Ligand SMILES: [Ca+2]
Ligand SMILES: [Ca+2]
Ligand SMILES: [Ca+2]
């Protein structure tokens, strides 16, 4: 039997420790206010919201004429069959309810973050997107169908999103699916230093309501080419520092 045994000398161990720390210090979660829509606290099977105001931390994004058939708020699905597995996190989910069938126009919830767009950084926005199931056929709301959705990662003063998930998921009735939007800046960007923003949009198709929950945004520094070359060089040095002893 032939065993291969690697020895690290002390110098290479000291060299590899800070390198490992550098490589693991990547995804940093950015602060999103009321990211799980738990504010306001809402009773089981109850909607809390309004036509022109959003839950704490969020603002109404409404491209259409303001009307009395557009509601923004939170819903606690507990004790109902609107969602098979309830809320993805906590008790509530976010609500964008667009009942109008004329003047079709997208609307949603948006939030400007305290963090600004950084260079050489990968942003990953993750949102649970739900299709509200009609659990009451005798009321006046027909939630059958899915109105379609879009998730935008933006900077505050630029109307064109940095990146979007434009309706790639088709959650079944009563189901949440996970939307992921990713964007990487290079060594320059016209919006660098501008506040980041998130927009959760209902595209106003049939089915009235789109729900959102557990909004997360991570920022991961991308090593600049010179840094990457330095790291590769360090790895090369460590490999060279390994003494391989073969025991037969
Ligand atoms: Ca929640
Ligand atoms: Ca109904
Ligand atoms: Ca539905």
(request) Out of 109, 117, 98, 125, report the one residue that is crowded, with 22+ Cβ neighbours inside 10 Å and over 19 Å from the mean Cα position of the chain (by Cα). (result) 98
(message) Of everything in segment 91-125, what is assigned to a loop (DSSP other than H, G, I, E, B) and under 19 Å from residue 36 (Cβ atoms)? Give them in sequence order.
(response) 91, 92
(message) If I ask for residues that are surrounded by 14 or more Cβ atoms within 10 Å (Cβ to Cβ), touching a residue at least 40 places away in the same chain (Cβ under 8 Å) and within 16 Å of ligand 3 (Cβ to nearest atom), which ones from segment 60-86 would you list?
(response) 75, 80, 82, 83
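Given the options 130, 108, 145, name the one that is within 16 Å of ligand 1 (Cβ to nearest atom) and at pLDDT 95 or above. Working first, answer last.
On the way: 108 fails: within 16 Å of ligand 1 (Cβ to nearest atom); 145 fails: within 16 Å of ligand 1 (Cβ to nearest atom).
Every option except 130 fails the conditions.
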(request) Could you tell me whether segment 76-86 includes any residue that is outside any strand (DSSP E or B), touching a strand residue (DSSP E or B) at 6+ places or on another chain (Cβ under 7 Å) and closer than 18 Å to residue 200 by Cα? (result) no
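This table checks each residue for (1) within 16 Å of ligand 3 (Cβ to nearest atom); (2) crowded, with 21+ Cβ neighbours inside 10 Å.
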| residue | (1), (2) |
| --- | --- |
| 140 | yes, no |
| 150 | no, yes |
| 158 | no, no |
| 164 | no, no |
| 172 | yes, no |
| 175 | yes, no |
| 182 | no, no |
| 190 | no, no |
| 194 | no, no |
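The values are calculated or read from the model by the stated rules, or taken from the named source; none is laboratory data. Keep in mind it's a predicted model, so treat the numbers as computed, not measured. Methodologically, a virtual Cβ is constructed for each residue, glycine included, from the backbone with ideal geometry; neighbour enumeration extends over all protein chains shown.
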